[in-house]
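To start, the structure itself, in structure tokens.
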């Protein structure tokens with residue numbers, strides 16, 4: 001009787017242990033993923049819906065500008081609430097890497113990405129590229145008998161007084177690329193002299209990098225500065241916008257994604273799946289299928305119709321590593337000498 005009772009007790013203990021293990025195993029894998037993204041909300045939603053269709057993983061996302069994501073990741077360091085950072089210029093991700101906020105991960109299809117776009121440690125993964133350009137309201141140009149601006153100095157003309165829009169470099173990755181581009185193109189002293197002159201023609205600094213192009217389309221300003229994909233999207237929607245590029249040299253972004261270090265453990269495998277998907281042929285071609293104009297980095301993916309390949313533009317040799325390393329220093333200088341982020345709208 002004692003042996004039988006002992007056997008029953010042992011079986012009950014084993015059953016409870018297996019139930020507990022099963023419960024823990026259930027918690028170790030989630031069917032959801034938490035993402036911080038700097039992409040426009042509707043655009044990001046399209047990509048996340050396509051990802052869910054292919055993988056069954058539901059994305060819960062928070063939309064913030066690149067600078068705001070960086071600040072949030074710093075504030076949450078040690079207990080991040082997000083698993084993936086998706087869609088910001090690589091120089092912002094480089095700054096995050098320097099602060100040890102990112103988890104190294106080399107995705108599938110990495111060999112199809114040009115080496116000049118990649119991080120040697122794979123702390124972040126390139127997912128698209130795009131050059132800086134000017135979005136001009138075509139109706140305003142016609143009314144004023146002007147051609148679209150084709151140089152940075154064109155924006156200093158008195159005709160554009162109180163009629164130019166750009167984001168604030170401390171809040172938006174787009175504008176930080178503008179700032180870093182001008183310094184690399186002109187030298188720091190001359191670039192800040194230029195920015196002080198340009199400030200006289202700025203109607204407003206925005207929080208979002210995509211806002212200036214849309215402001216131009218709405219006729220709120222004559223010209224907005226942004227990445228090509230931010231300009232081409234409202235053009236496709238029918239806004240009266242003309243796109244042009246600075247012939248004296250323009251910078252470009254390598255839009256990137258990364259796994260946030262020490263994020264929710266139950267989402268880690270989903271985070272890796274998402275990074276893999278973003279550089280797959282299927283993931284890369286969502287740009288053209290969704291009507292967006294980001295240039296894919298996967299050499300097997302098709303380029304969206306209407307997008308200008310980078311080799312047709314006068315690109316500077318943009319140093320994203322340098323830009324990432326000095327981000328805090330030169331954004332602080334911008335705030336001290338040009339304008340505060342608190343004033344951005």
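The values are calculated or read from the model by the stated rules, or taken from the named source; none is laboratory data. Keep in mind that this is a model prediction, so the values were computed, not measured. For neighbour counting, all protein chains shown are included, and Cβ atoms are generated from backbone atoms with ideal geometry for every residue, glycine included.
Across the range 135-179, the number of residues qualifying as part of a loop (DSSP other than H, G, I, E, B) and over 16 Å from the mean Cα position of the chain (by Cα) comes to 13. Considering the range 150-199, the residues that are touching a helix residue (DSSP H, G or I) at 6+ places or on another chain (Cβ under 7 Å) and within 14 Å of residue 222 (Cβ to Cβ) include one that is surrounded by the most Cβ atoms within 10 Å (Cβ to Cβ), namely 166. If you go through the range 224-255 and pick out every residue that is farther than 25 Å from residue 92 by Cα and surrounded by 24 or more Cβ atoms within 10 Å (Cβ to Cβ), you end up with 1.
Here is a yes/no grid of residues against (1) surrounded by 11 or more Cβ atoms within 10 Å (Cβ to Cβ); (2) modelled with pLDDT under 95:
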residue	(1), (2)
27	no, yes
30	yes, yes
40	yes, yes
61	yes, no
90	yes, yes
94	yes, yes
103	yes, no
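Applying the criterion of at least 1 residues that are free of Cβ contacts under 8 Å to residues at least 40 places away in the same chain and in contact with a helix residue (DSSP H, G or I) (Cβ under 9 Å, 6 or more places away or on another chain) to the strands (runs of 3 or more DSSP E) found wholly in the range 20-132 leaves 58-63.
Of 321, 326, which residue is within 17 Å of the chain's Cα centre (by Cα), over 27 Å from residue 221 (Cα atoms) and surrounded by fewer than 22 Cβ atoms within 10 Å (Cβ to Cβ)? Step by step, each of 321, 326 is checked, and only 321 is within 17 Å of the chain's Cα centre (by Cα), over 27 Å from residue 221 (Cα atoms) and surrounded by fewer than 22 Cβ atoms within 10 Å (Cβ to Cβ).
Note on the range 180-216: residues that are under 24 Å from the mean Cα position of the chain (by Cα) and outside any helix (DSSP H, G or I) total 8. In the range 289-302, the residue that is modelled with the lowest pLDDT out of those that are in contact with a strand residue (DSSP E or B) (Cβ under 8 Å, 6 or more places away or on another chain) and crowded, with 16+ Cβ neighbours inside 10 Å is 293.
Here's the yes/no breakdown for (1) at pLDDT below 95; (2) within 30 Å of residue 78 (Cα to Cα); (3) not assigned by TED's automatic domain parsing to the domain that holds residue 186:
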residue: 227; (1), (2), (3): yes, no, no
residue: 233; (1), (2), (3): yes, no, no
residue: 248; (1), (2), (3): no, no, no
residue: 257; (1), (2), (3): no, yes, yes
residue: 264; (1), (2), (3): no, yes, yes
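Checking the structure you have, find out if any residue of the range 126-134 is under 22 Å from residue 185 (Cα atoms), buried (at least 17 other Cβ atoms within 10 Å of the Cβ) and over 25 Å from the mean Cα position of the chain (by Cα). The answer is no; no qualifying residue exists.
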